[in-house]
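Here's the structure we're looking at; comments come further down.
The values are calculated or read from the model by the stated rules, or taken from the named source; none is laboratory data. Bear in mind that the values here come from a model prediction, so they are computed numbers and not experimental data. Here the Cβ positions follow ideal geometry from the backbone for every residue, glycine too, while neighbour counts run over all protein chains shown. Ligands, DNA and RNA are excluded from the accessible area calculation, which covers all protein heavy atoms including side chains. Shrake-Rupley method; radii C 1.70, N 1.55, O 1.52, S 1.80 Å.
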Amino acid sequence: MLLKLPKIQQGYNPITKMEGTGADMRMDIGVEKIMAGTEAKFFDEKKESAFLLLSGKAKFKWERESAVAERNSLLDEGSWALHVPKDMEVTIAADTNVEVLVQKTDNETDFPAKFYRPSDCRDDVFGEGVWKDTARRVVRTVFDYDNAPYSNMVLGEVINYPGGWSSYIPHGHDQPEVYYYRFHRPEGFGAAFIGEDAYKIVDNSALCIPGGPTHPQAAAPGYPMWYAWMIRHLENNPWNKRVNDARYEWLLDENAAIWPEK
């Protein structure tokens, strides 16, 4: 399911709701816009929460801790995020206008809050040197089952280069996933595929991906595509690997003959 969202307004802008739109994603996801000189407070008695800085400069405060983060480019600058357990208040005080992506889900486990700086996040380059770099992309992982096994969520980002592909070769997994997209220019666009269905992706849209089908992505030439990827683990079945579509695994052979012989 593709969600083409309204223009971001001051305050909280919902994307999915555990008891509403995209309920099968099992996550509350939205964007909080905080105006310069003001602050927003967050508290949930039952759900863990992650706050990913999209733009602006802000001070994050939780328990007796605080940290300042600033981000001016989703494409060129790494991830800043705060991850907290249930029953913990968070305040985000905006120095400039700020946008924060909020991801939440139910989690009874108590765990220590962690503030992630770009140096704490893993940056991988996939698809380099194969298929003439047509699927070369940057994948940033803030936290997943490897470094946060206590969480019921996964949070990361992808830079899909113009004219190229990501989430490739086509793969799927049992766990639901949401992609949230941004383009540097408002007319930018791309394409997303869920199984056999295709969707036109635009700025400030979101894709709800049910467990199971493959979901490769592509960006139009001239338009780099950024998206956050957010996965919800399942009980006794956490996401920790991709399941490739066997039809396309031949492409993983470094000597794969892509162009037919004459």
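Taking segment 92-110 on its own, how many of its residues are under 26 Å from P149 (Cβ atoms), open to solvent by less than 20 Å² (accessible area, probe 1.4 Å) and of a type outside the set (V, I, T)?
3
Determine whether I258 is outside any loop (DSSP other than H, G, I, E, B), in contact (Cβ under 8 Å) with a residue 40 or more places away in the chain and β-branched (V, I, T).
No; evaluated as a whole, the condition is false for this residue.
Looking only at segment 43-101, count how many residues are within 19 Å of the chain's Cα centre (by Cα), of a type in the set (A, V, I, L, M) and part of a strand (DSSP E or B).
11
Can you tell me which residue among A40, A23 is modelled with pLDDT of 95 or more, farther than 21 Å from I201 by Cβ and over 20 Å from the mean Cα position of the chain (by Cα)?
A40
Matching residues to (1) of a type outside the set (F, W, Y); (2) open to solvent by 50 Å² or more (accessible area, probe 1.4 Å); (3) at pLDDT below 95; (4) not in a loop (DSSP other than H, G, I, E, B):
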site	(1), (2), (3), (4)
V142	yes, no, no, yes
P149	yes, yes, no, no
V158	yes, no, no, yes
I169	yes, no, no, no
A191	yes, no, no, yes
H215	yes, no, no, no
W229	no, no, no, yes
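For G37, state whether it is closer than 24 Å to N147 by Cα and either assigned to a loop (DSSP other than H, G, I, E, B) or without any contact (Cβ under 8 Å) to a residue 12 or more places away in the chain (or both).
Judged against the criteria, G37 is not a match.
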